[in-house]
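K.L.:
Take this structure, written in structure tokens, and hold onto it; I'll ask about it next.
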Amino acid sequence: MSAKRVLLIGGVYQLPGRLKDVGAAMVDVCDELEPQLRQNRFVSDAAFKTVSLIFRFGPADVLNPEIGRIDTRHAELPVAIQFDLKRLKRLDREAMKNEFRTATLDVLCDVAANFDLPFQFLDAMRLHK
């Protein structure tokens, strides 16, 4: 892919353990949301071109996003949230993907509010799960 993605999602474990299909679920969410973000010109007026979202897998859900400083060198906005690792272990791939999708849409709405970016399409996507 030659064009830089608007949304990148990665994960880091803060506790021992592994989630089955976690990488595929994160890629599914990125691939689903990317066309909408591009079509609605989500970052066209922003000081960054990519939202770099990190899912932390830890002891509890902390879904209030931690928004970092813009990395001007890479034109990326680092954002992080935390999921309860034990809770996610009980989910299958589709349920995990739905959790990630919902949380990602919420994070993108917070980013939109903080940087005065378009968000109406994100709200519509949250309502039509």
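Results for (1) of a type in the set (V, I, T); (2) at pLDDT 95 or above; (3) touching a Ser or Thr at 6+ places or on another chain (Cβ under 6 Å), shown as yes or no for each residue.
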| residue | (1), (2), (3) |
| --- | --- |
| I9 | yes, yes, no |
| Y13 | no, yes, no |
| D21 | no, no, no |
| L33 | no, yes, no |
| T50 | yes, yes, no |
| K97 | no, yes, no |
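Conditions (1) within 19 Å of F121 (Cβ to Cβ); (2) buried (at least 18 other Cβ atoms within 10 Å of the Cβ), marked per residue:
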residue: P16; (1), (2): no, no
residue: L19; (1), (2): no, yes
residue: A24; (1), (2): no, no
residue: D31; (1), (2): yes, no
residue: Q36; (1), (2): yes, no
residue: R41; (1), (2): yes, no
residue: D45; (1), (2): yes, no
residue: F48; (1), (2): yes, yes
residue: S52; (1), (2): no, yes
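K.L.:
Considering only residues that are aliphatic (A, V, I, L, M) and free of Cβ contacts under 8 Å to residues at least 60 places away in the same chain, look in the stretch 84-121 and name the one that is nearest to V29 (Cα to Cα). If you could, list the steps in order and put the result at the bottom.
P.N.:
Taking the stretch 84-121 first, the residues aliphatic (A, V, I, L, M) are 85, 88, 91, 95-96, 103, 105, 107-108, 111-113, 117.
In the following step, the residues that additionally are free of Cβ contacts under 8 Å to residues at least 60 places away in the same chain were identified as 91, 95, 103, 107, 113.
Working: L91: 16, A95: 12, A103: 10, V107: 13, A113: 21 Å.
Out of the qualifying residues, it is A103.
K.L.:
A follow-up question, please. Which ones in the stretch 98-127 are out of contact with any helix residue (DSSP H, G or I) (no Cβ under 8 Å at 6 or more places or on another chain) and within 17 Å of N64 (Cα to Cα)? So that I can check it myself, show each step before the final result.
P.N.:
Pass one, the stretch 98-127, residues out of contact with any helix residue (DSSP H, G or I) (no Cβ under 8 Å at 6 or more places or on another chain): 98, 103, 107, 110-111, 113-116, 120, 124, 127.
The answer is A103, V107, D110, V111, A113, N114, F115.
K.L.:
Can you report the number of residues in the stretch 64-81 which are assigned to a strand (DSSP E or B) and surrounded by 14 or more Cβ atoms within 10 Å (Cβ to Cβ)? Even if it seems obvious, please write down each step before you answer.
P.N.:
Within the stretch 64-81, the subset assigned to a strand (DSSP E or B) is 64-67, 71, 76-81.
Then keep just the ones that are surrounded by 14 or more Cβ atoms within 10 Å (Cβ to Cβ); that gives 65, 67, 76-81.
Count: 8.
K.L.:
Anything in the stretch 88-102 that is among the charged types (D, E, K, R) and surrounded by 13 or more Cβ atoms within 10 Å (Cβ to Cβ)? List them, or say none.
P.N.:
Step one: filter the stretch 88-102 for residues among the charged types (D, E, K, R), giving 89-90, 92-94, 97, 99, 101.
Selection gives K89, R93, K97, E99, R101.
K.L.:
Which residues, taken from the stretch 30-63, are assigned to a strand (DSSP E or B) and within 16 Å of the chain's Cα centre (by Cα)? Give the steps one after another, and end with the answer.
P.N.:
Residues of the stretch 30-63 assigned to a strand (DSSP E or B): 50-58, 62-63.
Of everything in the stretch 30-63, those that are assigned to a strand (DSSP E or B) and within 16 Å of the chain's Cα centre (by Cα) turn out to be T50, V51, S52, L53, I54, F55, R56, F57, V62, L63.
K.L.:
Among the residues of the stretch 54-90 satisfying the criterion of being of a type in the set (A, V, I, L, M, F, W, C) and touching a Gly at 6+ places or on another chain (Cβ under 9 Å), which is farthest from F121 (Cα to Cα)? Lay out the reasoning, then the answer.
P.N.:
Taking the stretch 54-90 as the starting set, the residues that turn out to be of a type in the set (A, V, I, L, M, F, W, C) are 54-55, 57, 60, 62-63, 67, 70, 75, 77, 79-81, 83, 85, 88.
Adding the requirement that they be touching a Gly at 6+ places or on another chain (Cβ under 9 Å) leaves 54-55, 57, 77, 79-80, 83, 85.
Numbers: I54: 22, F55: 23, F57: 28, L77: 20, V79: 20, A80: 22, F83: 25, L85: 30 Å.
Ranking the candidates gives L85 first.
K.L.:
Is there any pair with a first residue in the stretch 46-64 that is more than 14 Å from P78 (Cα to Cα) and a second that is of a type outside the set (A, V, I, L, M) and assigned to a loop (DSSP other than H, G, I, E, B) whose Cβ atoms are under 7 Å apart and which are 6 or more apart or on different chains, and what are they?
P.N.:
Pairs found: F57/Q14; G58/Q14.
K.L.:
Shifting gears a bit: For the stretch 82-93, name all the residues that are modelled with pLDDT of 95 or more and in a helix (DSSP H, G or I).
P.N.:
If the condition is that a residue be modelled with pLDDT of 95 or more and in a helix (DSSP H, G or I), then L85, K86, R87, L88, K89 are the ones that fit.
K.L.:
Right, next: Given V29, V43, V22, which one is farther than 17 Å from V107 by Cα, touching a strand residue (DSSP E or B) at 6+ places or on another chain (Cβ under 9 Å), in contact (Cβ under 8 Å) with a residue 60 or more places away in the chain and β-branched (V, I, T)? It would help to see each step written out before you state the result.
P.N.:
Numbers: V29 fails: farther than 17 Å from V107 by Cα; V43 fails: farther than 17 Å from V107 by Cα.
Testing whether each residue is farther than 17 Å from V107 by Cα, touching a strand residue (DSSP E or B) at 6+ places or on another chain (Cβ under 9 Å), in contact (Cβ under 8 Å) with a residue 60 or more places away in the chain and β-branched (V, I, T) leaves just V22.
K.L.:
Somewhere in the stretch 102-110, is a residue in a helix (DSSP H, G or I) and either modelled with pLDDT under 95 or small (G, A, S) (or both)? First the steps, then the outcome.
P.N.:
Going residue by residue through the stretch 102-110, those that are in a helix (DSSP H, G or I) are 102-110.
Okay, now just the ones that are also either modelled with pLDDT under 95 or small (G, A, S) (or both), so 103.
Looking through the stretch 102-110, at least one residue is in a helix (DSSP H, G or I) and either modelled with pLDDT under 95 or small (G, A, S) (or both).
The values are calculated or read from the model by the stated rules, or taken from the named source; none is laboratory data. Predicted, not measured: the structure shown is a model, and the values here were computed from it. Don't worry about glycine lacking a Cβ; one is built from the backbone with ideal geometry, like all the others, and counts go over all protein chains shown.
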